Structure formats: structure tokens, C-alpha cells
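> Starting off with a structure, shown below.
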Amino acid sequence: MAEAQSEAIPEDPLHRKLGMTDDELAAVVDELGREPTHLELAMYSVMWSEHCSYKSSRAYLSRFPTEAPWVLVGPGEGAGVIDIGDGLAVAVRIESHNHPSAVEPYQGAATGVGGIIRDVFSMGARPIALMDPLRFGSLDDARTRYLFEGVVSGISGYGNSVGVPTVGGEAVFDDTYRGNPLVNVFCLGILPIERLVLARAEGPGNLAVLLGSSTGRDGIGGASVLASASFEAGDEAKRPSVQVGDPFEEKRLIEACLELLDAKLAVGVQDLGAAGLSCAASETAAKAGAGMDVDVARVSKREPGMNAVEALTSESQERMLAIVEPENLAAVLALARRWEIRATVVGRVTDTARFRVYDGLFDAIGVPGENPRPPIGDEAAPVTSDAPPIADVPVESLGDGPLYHRPVARPAAQDTLQAADPGPQLRDKFPVGSDLSGELLALLATPTIADKSWVSRQYDHQLFLNTVAGPGADAAVLRVKGTEKALALSTDGKGRFCRLDPRTGGRLAVLEAARNVACSGARPLALVNCLNFGSPEHAEVMWQFSEVVEGMSEACEALDIPVIGGNVSFYNASGDDDIHPTPVAGVIGLIDELRDRPPAPALRAADDIVVLGDLRPDLGGSEWAAVVHGLDGGMPPLADLGRAGALHELVSTLVRERSVTGVHDVSDGGLAVALAEMAIAGDVGFKVELHYDGCTPAEACFAEPASVVVCCVDPKETAAVCGEAAAAGVPARVVGTAGGDRLIVKGALDVALADATHAWRDAIPALMSRET
């Protein structure tokens with residue numbers, strides 16, 4: 001019997017192994033006029049990755065409104081910056097660390113925190129607050145519990161240690177995220193305007209000084225590679241690509257860099273994030289219209305045997321690049337020694353408009369500084385003035401990258417999905433007169449709605465003693481020390497709404513974040529967004545993306561909120577199962593005069609309960625329909641931008657005037673859940689009647705209409721509050737009063753406050769007590 005002959009499977013060429021397409025390689029060859037070296041190819045692969053180049057999304061992002069008189073720095077820098085008056089500015093950034101966190105949850109989340117903190121202090125701002133919008137699968141799944149526990153531990157472990165409080169965020173649970181959790185991180189910092197610095201390598205002859213940790217193999221291609229491809233089975237093998245963080249090194253780096261900027265010792269500063277030194281050095285030079293020479297022998301290496309590709313593309317954490325004038329180098333090195341951080345001259349600015357990498361040149365030609373001691377097991381790098389460049393490319397070509405106009409197609413099943421309105425089935429199942437008490441308890445026990453103290457207790461949210469309202473409030477509120485001002489922060493977004501109608505869902509994400517900020521008495525000044533989507537190679541995903549961007553842009557324009565920064569995270573999928581389109585909007589608002597703590601989302605005994613806004617039977621995408629009853633079709637709530645703006649202005653004014661004693665927006669779970677949450681927070685029951693035209697009692701209780709807010713009002717102020725609402729054109733209705741120990745919606749539900757509290761408080765701890 002003849003032996004079967006096996007054919008050897010041809011090995012993929014190097015550029016494909018690095019994630020580049022054949023067309024992208026051809027573009028590099030055309031740019032250089034020759035084949036690239038291995039180092040050049042590695043640099044292009046990371047710099048042209050989806051994560052770094054935004055090659056599939058750039059064509060759409062210009063749709064966002066980005067300008068306003070108070071915007072000092074818009075998209076494209078380490079963080080957006082706005083002027084808040086009194087000579088102060090605020091720097092804000094939001095990022096994703098979804099893929100690293102799915103591979104190694106603790107370090108993935110921790111290094112996400114560390115990276116975004118560096119983005120903020122690279123602008124000259126002291127980071128003072130973090131928020132963590134998180135998305136996971138069902139907590140009934142053991143792996144999801146492992147991921148959830150690891151991510152929360154990573155955020156708390158890094159944030160608490162580095163000394164930046166986590167003051168709010170979200171934790172949403174939906175099976176669409178089972179194989180691909182979303183770990184988004186928001187950071188805010190404050191700075192005197194005169195300390196603002198940009199990432200610019202200006203001035204030929206100036207030096208590029210690498211500050212902070214040594215460079216290791218952890219994070220080789222980490223964020224740029226992990227965030228630019230889909231997950232498949234066995235992706236635990238990617239764990240070496242996840243960076244490892246050291247919050248104590250980061251704390252020293254924060255203080256050193258802020259002191260360096262106060263002393264005017266740096267021309268520009270940039271964080272070493274995705275694509276490592278290759279990105280930081282080339283990007284700072286390109287933004288200044290300059291060139292940059294780098295000597296890889298000057299990079300302090302953590303491990304023996306590291307080659308130039310590893311040194312240039314490593315994403316090891318806690319590293320910054322400072323552009324320093326030669327006459328200031330001694331002062332910079334002395335400052336670094338005082339803070340016990342490494343400082344090495346690794347590059348110099350040129351006027352060549354080229355990015356050139358050498359190995360062993362600088363010591364030979366007298367560039368200030370010296371090669372660091374090699375790792376144990378390595379010999380010292382040879383030094384020669386004849387060293388040729390091992391990479392030599394046009395500096396702007398690395399950052400430009402390709403621009404794709406990918407196919408866009410409305411999903412074939414979209415009409416069927418939208419036609420699957422859950423309303424008729426739920427109206428049949430819960431006719432007028434049905435007892436809805438069990439439905440309320442079921443909603444309060446769903447993890448997305450339930451108490452998140454299991455999470456927030458692990459965070460120190462009072463660091464700096466700026467936090468006026470922290471986790472659990474509609475918006476976090478931070479005092480601005482030395483002034484009467486305060487800042488309000490909220491992050492929001494509902495993927496289920498965007499799945500049903502991406503444009504409306506995009507609008508609703510902006511409206512909810514702005515509504516929460518209004519509930520603190522603030523006026524919105526700016527927005528940052530984190531756009532989490534599936535594979536851009538799927539035309540349906542690109543349709544979702546374009547629609548969400550359009551919807552968010554429309555809402556921002558209507559509310560006069562500029563977009564000052566953001567992040568796009570594609571390839572959030574397991575196999576071919578793309579996640580629901582999930583934009584997260586982070587809105588920053590300003591309270592001009594903070595006299596005392598804003599009213600909490602709580603009821604006060606004997607006060608009236610006033611509902612502002614229109615109740616509508618909007619059940620599409622609601623927690624009640626989709627989670628409790630498994631009906632996930634229909635249309636999301638109407639997003640009326642004009643009515644939303646009027647409501648936000650009214651609520652903000654009522655809060656500033658302290659005309660209300662409690663205030664809470666209606667969102668997940670609807671009006672009944674909002675009332676129950678306020679009752680639990682105030683430890684007092686309520687009795688209300690919800691008779692709204694066009695709504696059954698069940699719809700009035702559990703629909704999730706946009707632009708509805710519940711206020712608790714002293715009876716002596718009720719007439720005035722309703723009068724202000726009428727003048728603003730906002731519907732207002734007194735639906736009942738707070739009091740007693742039961743939650744009563746006349747003709748619909750009657751639940752003991754103790755039972756509601758138990759269902760809400762115990763849900764997540766009970767689930768997390770199971771084995772992971």
C-alpha cells in the first residue's frame with residue numbers, strides 16, 4: 001500500500017504574521033522605494049494597526065462637533081482639555097482595554113488604568129478621578145465571574161495604589177459580552193493653564209529622554225495587536241502580550257513629570273502606550289514637522305537577548321518620553337534621580353523629517369548620555385560612528401497609515417428585529433389589574449440594575465478629598481479646590497438600544513450621560529466617547545458604526561456639547577459573533593458655585609414625588625422586556641433632542657436652586673425601578689398613581705422612555721417646581737408622596753421596602769459567592 005504523501009502547508013509571509021495585508025505591504029514598499037527591513041515592517045505593522053491608525057473609522061470621526069470657545073485641546077492629543085475658568089483647565093481621556101482584559105483580567109484592567117493616567121498627566125494635568133464603564137456576560141457563567149472579579153481587582157489594585165480615586169462608572173451584564181468583555185476607563189485631571197504641554201518634538205538638536213521603567217518583553221504588540229484582531233479559541237496563548245503594571249513606579253513618574261513641567265524643563269511629553277517607543281518618538285516628531293533619530297542601544301532593557309524590534313515596539317508600562325533642550329538635561333537627570341526613576345537619552349530631534357533607528361551610534365558621536373548597563377547575560381552593545389541605520393523611514397508615513405472606506409450594509413434581519421415589538425406580548429401577559437410586585441423584585445435583582453457596592457467598596461473614591469458625590473450618584477461630583485466650582489462626570493451607553501436602531505441608540509447614549517450630569521446641577525461642557533464595535537471587516541458592523549456616530553453627533557450638536565476626544569475599539573467579538581454596538585459617552589459638566597452637596601437620588605419622607613417629562617410605552621430594548629422576559633426586539637425609545645435639552649436645563653436649574661430634595665433619572669428598569677432605588681437610598685417607601693395616556697400600568701412602571709426625571713419636592717415648593725416646568729415646556733406631574741415602609745403603585749404593585757432592598761443589595765454578592 002502506497003504511503004499517503006503529505007503536502008507541506010506554506011508558511012505565511014512575515015507581514016501577514018504581523019497582521020498586515022498584502023496591499024498594506026505594497027503601500028510600504030511604494031513609500032520606501034524598497035523592501036522594508038524587519039524592524040521597519042514591525043513598526044509599520046503596529047503603527048498601521050486598527051488600534052493605532054483608526055484606518056477603518058477615521059473617515060467617520062470628523063463628523064463629531066469638536067469646537068467651542070472653552071475647548072483648548074481637541075481630539076488627536078493625549079487628552080482633550082477644556083478651560084473651566086479661574087486660570088484652570090481640565091484634561092479628560094477615555095480608553096478601552098477590552099482585549100487585554102479578556103486574556104488576563106487583572107493586568108489587562110490595571111494597565112488600562114495606568115495608561116490612561118499617563119495620557120492625562122502627559123498634558124500637564126494631575127489626575128484626580130477615574131471612572132470604569134464595564135460590560136460582561138451573564139454572572140451565571142463561571143468564566144464571566146472570573147473575568148469580573150479580576151477586572152475589578154485590577155482597577156482597584158492599580159487605582160488605589162497610585163492614588164487616583166475611582167468615583168463612578170457602570171457595570172452592565174449581557175450575553176453579547178460573554179466572550180469579549182468591555183473594559184473602558186475614563187480619567188480626568190486638573191491643571192493650571194500655563195502648565196499645558198503638547199506632545200511635540202520641536203527644536204532640532206533637542207533630546208528625547210525616556211523616563212520610568214525599563215523595557216521588557218511584556219506587552220510586545222500588546223494593545224495594538226490584541227485590539228486589532230478578533231478572539232478565537234485558545235487565545236490564552238496571547239497572555240504574554242498583556243502588559244504588567246507597577247502603580248508605585250507610576251506614582252513616582254506622575255510626580256516627576258509634573259515637577260519637570262512646572263520647572264519648564266520639557267518642550268513636549270508623550271506617554272509610551274500602544275506601539276511603544278516607535279509610536280511615541282515618531283509621533284512627537286511628526287506633529288512638530290521634525291525628524292527623530294533613536295539609538296536602541298540607549299534603551300534600558302529588562303531582559304537579556306532583546307532585539308531592536310522588541311525594544312522599539314514593547315508596550316512595557318510606566319514609561320514617558322520627554323523632549324528636552326540640551327542645556328536642561330542635567331536638571332532633568334537630577335530630578336529623575338531625586339524621584340528614583342530611570343532617565344536615559346534615547347533620541348535626538350532632527351530637521352530631516354525622517355525616523356531613523358541606530359544601534360550603537362550615540363555613544364560614538366557624543367550624543368549626551370550613555371548606553372545603560374546591559375541585562376545580565378548580555379554583552380555591551382558595540383559602539384561605532386559608522387553604524388548604519390537599521391530603520392530609516394519618512395516620519396509622517398508611520399502615523400498616516402491607510403484610510404479605508406469599508407463596505408457598509410444594513411443588516412438583512414434589521415427590519416425583522418425592529419418589527420418584533422415586545423409590547424403586544426407583554427400587554428397580553430400583564431393586562432390592567434395584574435400584580436406587578438414580582439416583576440419589580442425580578443428587575444431589582446438583575447445584575448445590571450442591582451446594587452454595585454460589591455464593586456465600589458473595592459475602590460477608594462475619597463482620595464484627594466475632592467469627592468462630593470461618588471459611586472451610586474447619577475453623576476460623580478468633584479470639588480475644584482481653591483474655587484467655588486465643582487465638576488460633574490457621568491459615563492453611559494446601552495448596546496441593546498444601538499442594536500435595535502444604532503442612530504437612535506447613539507443619541508440616547510449622549511442624552512443619558514448629559515441627563516445624569518444635569519441631575520447634579522451642572523451644565524455640560526464636553527464629551528469623550530469610547531466606541532466599542534465588532535469586526536470592521538463586516539459591512540453590517542460598519543453600518544452600525546456610521547449610524548451611531550451620526551446619532552451621537554446629532555445629539556452633541558443639539559445640546560452644544562463638543563467632542564474633545566475618544567477611542568475606537570473594533571474586533572470585539574468571539575469568532576463571527578460581533579458584540580452589540582456599544583458606544584460609551586462620558587460627559588463632563590461644570591457647577592459654577594457649589595454651596596453644598598447636590599440632592600441625592602433619594603426620597604425624603606412626606607415630600608411630594610414629581611415626574612418631569614413624558615412617559616411613553618417604550619419597551620423595545622428595555623431590561624424588563626429583554627432580560628426578564630427574553631423579548632429583545634422592537635424599537636428603542638424616542639430620542640427627542642429638543643425636549644431633552646429643555647429637560648436638562650430645567651433639572652439643572654432646579655438642582656442649583658435647591659428646589660428639589662432628591663432627583664434621579666429614569667433609565668434601566670423604568671420609572672418603578674427609579675422610584676425603588678430612591679426609596680432604598682432614602683430608607684422610606686412611597687405611594688404613587690401612574691395613570692398616563694397610552695400606557696398600561698406595566699408600561700408606565702417598566703418602559704424606559706428617554707428624558708424622564710423623578711424629583712422629590714418639599715410640598716411647599718411643589719407648585720413653584722411645576723410652574724417652572726410649565727414655563728420650560730416640560731410636562732410635570734405630581735404622582736404621589738414618600739412615606740411608610742412599602743413601595744406602592746396603586747393598582748399595580750405593593751412591595752415591602754425591606755424585600756426590595758434585599759433583592760437589590762444581595763443579587764451580585766450572591767452570584768459572586770459561587771465558584772469561579
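The values are calculated or read from the model by the stated rules, or taken from the named source; none is laboratory data. No experiment lies behind these values; they were computed from the predicted model shown. We place every Cβ from the backbone using ideal geometry, glycine too, and count neighbours over all the protein chains shown. In case anyone asks, the SASA skips ligands and DNA or RNA and just uses the protein heavy atoms, side chains included. Shrake-Rupley method; radii C 1.70, N 1.55, O 1.52, S 1.80 Å.
> What residue, among those in the range 705-720 that are crowded, with 22+ Cβ neighbours inside 10 Å and among the aliphatic types (A, V, I, L, M), is nearest to TRP624 (Cα to Cα)?
Per the criteria, the residue is ALA706.
> Identify, by number, the condition in (1) more than 21 Å from PHE570 (Cα to Cα); (2) in contact with a Gly (Cβ under 7 Å, 6 or more places away or on another chain) that ASP12 doesn't meet.
Of (1) more than 21 Å from PHE570 (Cα to Cα); (2) in contact with a Gly (Cβ under 7 Å, 6 or more places away or on another chain), only one is false for ASP12: (2).
> Now for a separate question. For VAL455, all conditions in the list (1) over 27 Å from the mean Cα position of the chain (by Cα); (2) at pLDDT 95 or above; (3) open to solvent by less than 30 Å² (accessible area, probe 1.4 Å); (4) not assigned by TED's automatic domain parsing to the domain that holds TRP624 hold save one; what is the number of the exception?
Just one mismatch for VAL455, condition (1).
> Pull up the range 464-487, narrow it to residues that are assigned to a strand (DSSP E or B) and out of contact with any Lys or Arg (no Cβ under 7 Å at 6 or more places or on another chain), then point me to the one that is nearest to ILE449 (Cα to Cα).
ALA476
> Between residues in the range 665-685 that are under 19 Å from THR696 (Cβ atoms) and residues that are charged (D, E, K, R) and part of a loop (DSSP other than H, G, I, E, B), which pairs lie under 8 Å by C-beta distance while being six or more apart or on different chains?
Taking only residues 6 or more apart or on different chains, the pairs are VAL666/GLU704; GLY669/GLU704; GLY670/GLU704.
> Does the range 664-678 include one or more residues that are touching a Gly at 6+ places or on another chain (Cβ under 8 Å), open to solvent by 10 Å² or more (accessible area, probe 1.4 Å) and assigned by TED's automatic domain parsing to the domain that holds LEU444?
no
> Checking GLY74 against (1) in contact with a Ser or Thr (Cβ under 6 Å, 6 or more places away or on another chain); (2) under 25 Å from LEU444 (Cβ atoms); (3) surrounded by fewer than 20 Cβ atoms within 10 Å (Cβ to Cβ), which test does it fail?
The number of the failed condition is (2).
> Also, I was wondering about something else. Tell me yes or no: at least one residue of the range 373-391 is outside any loop (DSSP other than H, G, I, E, B) and without any contact (Cβ under 8 Å) to a residue 60 or more places away in the chain.
Within the range 373-391, not a single residue is outside any loop (DSSP other than H, G, I, E, B) and without any contact (Cβ under 8 Å) to a residue 60 or more places away in the chain.
> Please list, ordered by first then second residue, the pairs with beta carbon atoms under 8 Å, 6 or more apart or interchain, first in the range 90-119 and at pLDDT 95 or above, second open to solvent by 10 Å² or more (accessible area, probe 1.4 Å) and of a type in the set (Phe, Trp, Tyr).
Pairs that qualify, where the first residue is at pLDDT 95 or above and the partner is open to solvent by 10 Å² or more (accessible area, probe 1.4 Å) and of a type in the set (Phe, Trp, Tyr), are PRO105/TYR146.
> I need a count of the residues in the range 408-445 that are touching a strand residue (DSSP E or B) at 6+ places or on another chain (Cβ under 8 Å) and open to solvent by less than 60 Å² (accessible area, probe 1.4 Å).
Result for the range 408-445: 5.
> Looking at (1) open to solvent by 10 Å² or more (accessible area, probe 1.4 Å); (2) closer than 20 Å to VAL367 by Cβ, which one does ARG252 not meet, given that it meets all the others?
Exception for ARG252: condition (2).
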